[in-house]
Amino acid sequence: MQESGAEFLLQCTILTDVDETVAGIKRQHNILAQLGIDPEREFWYKVIEPLLQLRKDGVREVGKARGLSESEYNRPPFPGPALAARVIGEVTPERIAVVRQ
């Protein structure tokens, strides 16, 4: 972020992400403070997490209240690298499509 001059990073971390990381269930890539990383010191930016105290149902309520369509606020979460982790063997677009189905 130092090269870009950005001062802030907006993340959509939710309370479930924090719970899972702290409990050792799985490590979330976006849980910096819980991993002992100070983003302001390490990366020169402040993290803004407006959804941090909400769970998925609360995030959906916010989306609905903000006027998003149901297909937007009620869709499954974006899986990030999780699809690739479920592919057996080489990760290819075809295998990702199979896992997505």
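The values are calculated or read from the model by the stated rules, or taken from the named source; none is laboratory data. In this text, all values refer to a predicted model and were calculated from it rather than measured experimentally. Glycine gets a Cβ as well: all are built from the backbone with ideal geometry, and neighbour counts include every protein chain shown.
Values as computed for the structure displayed
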item: Number of the exception - Ser71 against (1) closer than 21 Å to Ala85 by Cβ; (2) surrounded by fewer than 12 Cβ atoms within 10 Å (Cβ to Cβ); result: (1)
item: Qualifying residues in the stretch 16-67 (those that are part of a loop (DSSP other than H, G, I, E, B), modelled with pLDDT of 85 or more and in contact with a strand residue (DSSP E or B) (Cβ under 9 Å, 6 or more places away or on another chain)) - the one surrounded by the fewest Cβ atoms within 10 Å (Cβ to Cβ); result: Pro50
item: Filter result (of a type outside the set (Val, Ile, Thr) and within 19 Å of Leu52 (Cα to Cα)) within the stretch 62-74; result: Gly63, Lys64, Ala65, Arg66, Tyr73, Asn74
item: Pairs, first within 23 Å of Arg60 (Cβ to Cβ) in the stretch 75-89, second at pLDDT 80 or above and aliphatic (A, V, I, L, M), C-beta under 6 Å, six or more apart; result: Leu83/Ile96; Leu83/Val99
item: Residues (touching a helix residue (DSSP H, G or I) at 6+ places or on another chain (Cβ under 9 Å), of a type outside the set (A, V, I, L, M) and either part of a helix (DSSP H, G or I) or at pLDDT 90 or above (or both)) located in the stretch 70-88; result: Glu70, Glu72, Tyr73
